[in-house]
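Structure, as structure tokens:
Nothing in this text is a laboratory measurement; each read-out follows from the coordinates by a stated rule. Owing to the predicted nature of the structure, the values given are computational and were not obtained by experimental measurement. No Cβ is skipped: glycine too gets one built from the backbone with ideal geometry, and neighbour counts run over all protein chains shown.
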Amino acid sequence: MECMEHREHHREHKETCADETCANEAHAGKACAGETIAQATRAAGQAEGKTAGLTEIVIGMATCGIASGAEAVFRAFEEALKEKGLADARVTGTGCLGRCVKEPLVEVIRPGEPPVFYANVTPEKAREIVDRHIGKGEVVAELELR
């Protein structure tokens, strides 16, 4: 299973599943509890105090994401954050998020809230996510990965 699928598997079977090992080669078969690479990187940063209190916008920047327009989406997020003066958010890129057909994929992580994944994000949708989710704390349900 890919990591994202592993997490969804655990979400569905969290009380009965004993499979704590991810088959994703990036995790080398170690227990990952369904973490994405971005989550593992974020956890390491939090342990060092680098991301505490920041809203993170993580964009899938693997080949599939880039081919689908992730670079323009990345720039749109940066511009929208700057325009709105939202200095408590940062945009980062990561590798594959596991759903190539839904690229560009974006994960928004606000402190104290569960992560939200957005699918098929365009620069226009990025601006809407900044306005509604980052700025107002309102998940943009119609853009969520389903």
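Along the principal axes of its C-alpha atoms, what lengths does segment 84-146 span, in descending order and rounded to whole Å?
Taking max minus min along each principal axis of the Cα atoms, segment 84-146 gives 32, 21, 21 Å.
Which order do the peptides 136-142, 126-132, 104-110 take when ranked by the mean count of other beta-carbon atoms within 10 Å per residue, highest first?
Numbers: 136-142: 12.0, 126-132: 20.4, 104-110: 23.6.
Those peptides, ordered most packed to least, come out 104-110, 126-132, 136-142.
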